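The block underneath contains the structure these notes are about, expressed in structure tokens.
The values are calculated or read from the model by the stated rules, or taken from the named source; none is laboratory data. Keep in mind that this is a model prediction, so the values were computed, not measured. In this analysis, Cβ positions are derived from the backbone assuming ideal geometry, glycine residues included, and neighbour counts consider all displayed protein chains. All accessible areas refer to the heavy atoms of the entire protein, side chains included, with ligands and DNA or RNA removed. Shrake-Rupley method; radii C 1.70, N 1.55, O 1.52, S 1.80 Å.
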Amino acid sequence: MTVSALVSAIVVGLVAGALGRLAVPVRDAIPRWLALVLGVTAALLATILAVLVGVDARNIGLLGVVGQAGFAGLTVILVATVAGRRQPSR
């Protein structure tokens with residue numbers, strides 16, 4: 001994995017994590033820092049999986065960024081939704 005792929009995954013993960021948290025109806029289900037960490041982790045994982053499949057990591061391209069963002073956003077939305085359901089009612 002190249003430095004540009006790593007930086008791209010971090011930036012895309014931060015943005016997708018923040019937007020993913022905003023997309024969940026119960027925004028306080030997970031803290032902001034956790035949404036950002038989940039976004040970056042999921043974007044990095046998407047990059048690693050793409051490299052394992054055979055995608056050239058030296059040229060991320062639009063498809064790679066969309067894949068990173070989609071994977072990161074869906075991960076944050078899924079975790080926040082599940083965490084929001086498990087909170088006890090007051």
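Worth a mention:
- Residues in the stretch 56-74 include at least one that is among the polar types (S, T, N, Q) and at pLDDT 80 or above.
- Among the residues of the stretch 35-67, those identified as free of Cβ contacts under 8 Å to residues at least 12 places away in the same chain and assigned to a helix (DSSP H, G or I) are Leu49, Leu52, Val53, Gly61, Leu62, Leu63, Val66.
- Failed item in (1) at positive phi; (2) of a type outside the set (Asp, Glu); (3) at pLDDT 80 or above, with Ala46 passing the rest: (1)
- Hey, Gly70 assigned to a helix (DSSP H, G or I) and crowded, with 16+ Cβ neighbours inside 10 Å or not: no
- Qualifying positions in the stretch 1-31 - over 17 Å from Leu78 (Cβ atoms) and open to solvent by 20 Å² or more (accessible area, probe 1.4 Å): Met1, Thr2, Val3, Ser4, Leu6, Val7, Ser8, Ile10, Val11, Val12, Leu14, Val15
- If the condition is being at pLDDT 80 or above and not in a helix (DSSP H, G or I), then the stretch 1-28 contributes no residue at all.
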